[in-house]
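Asks: Next up is a structure, given as structure tokens.
What follows draws every value from the coordinates through simple rules; no lab data is involved. Model, not experiment: these values are computed from the prediction. We place every Cβ from the backbone using ideal geometry, glycine too, and count neighbours over all the protein chains shown.
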Amino acid sequence: SRVFVADGIGGGFHAQHVTELEEAIDIMTEDLPELRSFLLPASPSIAVAQCHVARTVCRRAERSVIPLVNSGVCDPNALAYVNRLSDFWFTAARWIHRHVAKQPNDIEYKRPHRGARQRQRTRVEAKDEENEQDHM
């Protein structure tokens, strides 16, 4: 069984990389509406679509890395990084959708009734000064 030592030079994956991703996620999250439901990955922006593809690839990679970590051939910090990286891409997609594509609303999944299999699209109104002034 091989044990990794995180030295940031190749002897392991340094946890600082995970911390830096978490900090970037926190910065983007500060001015996004709170999540209350699952979101549809929908936007008129190609950049947002590319972020969602990157997120999907990271999730697939994460599922591949789990058995490697469990068998001791991969640094657990690498798994944590891939997990945070997928969260980064999700948050980046939401941030770009709102601030670059100028789409103030996320699109949530909503079930039409309890037990339904198909979900409907609904817009989540952002709560910010612009929207409040528009409604006055």
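Asks: For Leu39, which sequence-distant residues (separation of 5 or more, or a different chain) have an amide H within less than 5 Å of its own amide H, given hydrogens modelled in the peptide plane?
Replies: Answer set, sorted by chain and number: Tyr109.
Asks: Distance in nm between label sites at Val100 and Arg59, each 7 Å beyond Cα in the beta-carbon direction?
Replies: Each label point is offset 7 Å from its Cα along the Cβ direction, giving 2.1 nm.
Asks: If I stretch the segment between Arg36 and Lys110 completely, what's the gain in nm (0.36 nm per residue apart, minus their alpha carbon distance), one decimal?
Replies: Numbers: separation 74, 0.36 × 74 = 26.64 nm, distance 1.11 nm.
Gain on extension, Arg36 to Lys110, equals 25.5 nm.
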